[in-house]
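The values are calculated or read from the model by the stated rules, or taken from the named source; none is laboratory data. Just so it is clear, the model here is predicted, and its values are computed rather than measured. A quick note on method: Cβ atoms are made from the backbone with ideal geometry, for glycine too, and the neighbour counts reach across all protein chains shown.
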Amino acid sequence: MGRTVFYLLRHAATYWNLEKRIQGQWDSELAPVGKEAAAALAAPLAALGFSRVVASDLGRAKATAGILNQRLRLPVTLDKRLREQHFGQWTGKLWRDVPADALRAAEAAGWGFTPPEGESREEVRLRAVHALTDAARANSGRTVLVVSHQGVIKAVLYHLLGRAYLPEEPRAFDPGKLQRLVCQDGVLSVDALDAALPEAPQAPAAP
């Protein structure tokens, strides 16, 4: 299969993100601040030499990829395996309205964290890893931008970092930054957390 480099990027902020409302596999429109941030990110991302964008098929990830692609002009593959965790009965609720005892019990389960009628973090990890290894097979020798969700990115990285996914663990990375993975001969590994972006080219000074 060779070597494929992935940059993982969380979708831009939505109205529900700003409200601290659980989206799961439902959708909310990108907020103006999210659209502005995505547009500002496009120029430095263009310097990384991507060959393709692979994105979750949920609306907020597709919208983010669309804004970026106004500059990147790349082929886009949508993959439902990169969707956010299914939060079941908690979908649409504000985080503060989830019963505290139920949330504590779910978080204490680590990889077994499963909202009522939702899916576990382990299930998210399995489908996301399959999506990435399939993308690596299709894009051997290339650099690929992956636009997905915080829960997906955490599940993949925490697994590769050997974390138990428990609430007392310190934060491993900034969800708002790029995370770089390498897939070498079908094996994923972390290459850089909070990867630095190249500076966007400056416009020439007026004469």
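Would you point out which residue out of 36, 19, 29 is farther than 24 Å from residue 139 by Cβ and free of Cβ contacts under 8 Å to residues at least 12 places away in the same chain?
Values: 19 fails: free of Cβ contacts under 8 Å to residues at least 12 places away in the same chain; 29 fails: free of Cβ contacts under 8 Å to residues at least 12 places away in the same chain.
Matching residue, one of 36, 19, 29: 36.
At pLDDT below 95 and closer than 18 Å to residue 84 by Cβ: does that describe residue 176? If you could, list the steps in order and put the result at the bottom.
Details: at pLDDT below 95: yes; closer than 18 Å to residue 84 by Cβ: yes.
In short, yes.
Working only within region 110-127, note down all residues that are under 19 Å from residue 91 (Cβ atoms) and among the hydrophobic types (A, V, I, L, M, F, W, C).
113, 124
Regarding residue 166, is this residue in a loop (DSSP other than H, G, I, E, B), touching a helix residue (DSSP H, G or I) at 6+ places or on another chain (Cβ under 6 Å), in contact (Cβ under 8 Å) with a residue 60 or more places away in the chain and surrounded by fewer than 16 Cβ atoms within 10 Å (Cβ to Cβ)?
So residue 166 fails the test.
Is there a residue being within 24 Å of residue 16 (Cα to Cα), buried (at least 21 other Cβ atoms within 10 Å of the Cβ) and out of contact with any strand residue (DSSP E or B) (no Cβ under 6 Å at 6 or more places or on another chain) anywhere in region 91-105?
no
Hey, does region 131-142 have a residue that's touching a Phe, Trp or Tyr at 6+ places or on another chain (Cβ under 7 Å), part of a helix (DSSP H, G or I) and surrounded by 13 or more Cβ atoms within 10 Å (Cβ to Cβ)?
For region 131-142, residues touching a Phe, Trp or Tyr at 6+ places or on another chain (Cβ under 7 Å), part of a helix (DSSP H, G or I) and surrounded by 13 or more Cβ atoms within 10 Å (Cβ to Cβ): present.
Against the definition (at pLDDT 95 or above and either in contact with a Leu (Cβ under 6 Å, 6 or more places away or on another chain) or part of a loop (DSSP other than H, G, I, E, B) (or both)), how does residue 126 come out, yes or no?
no
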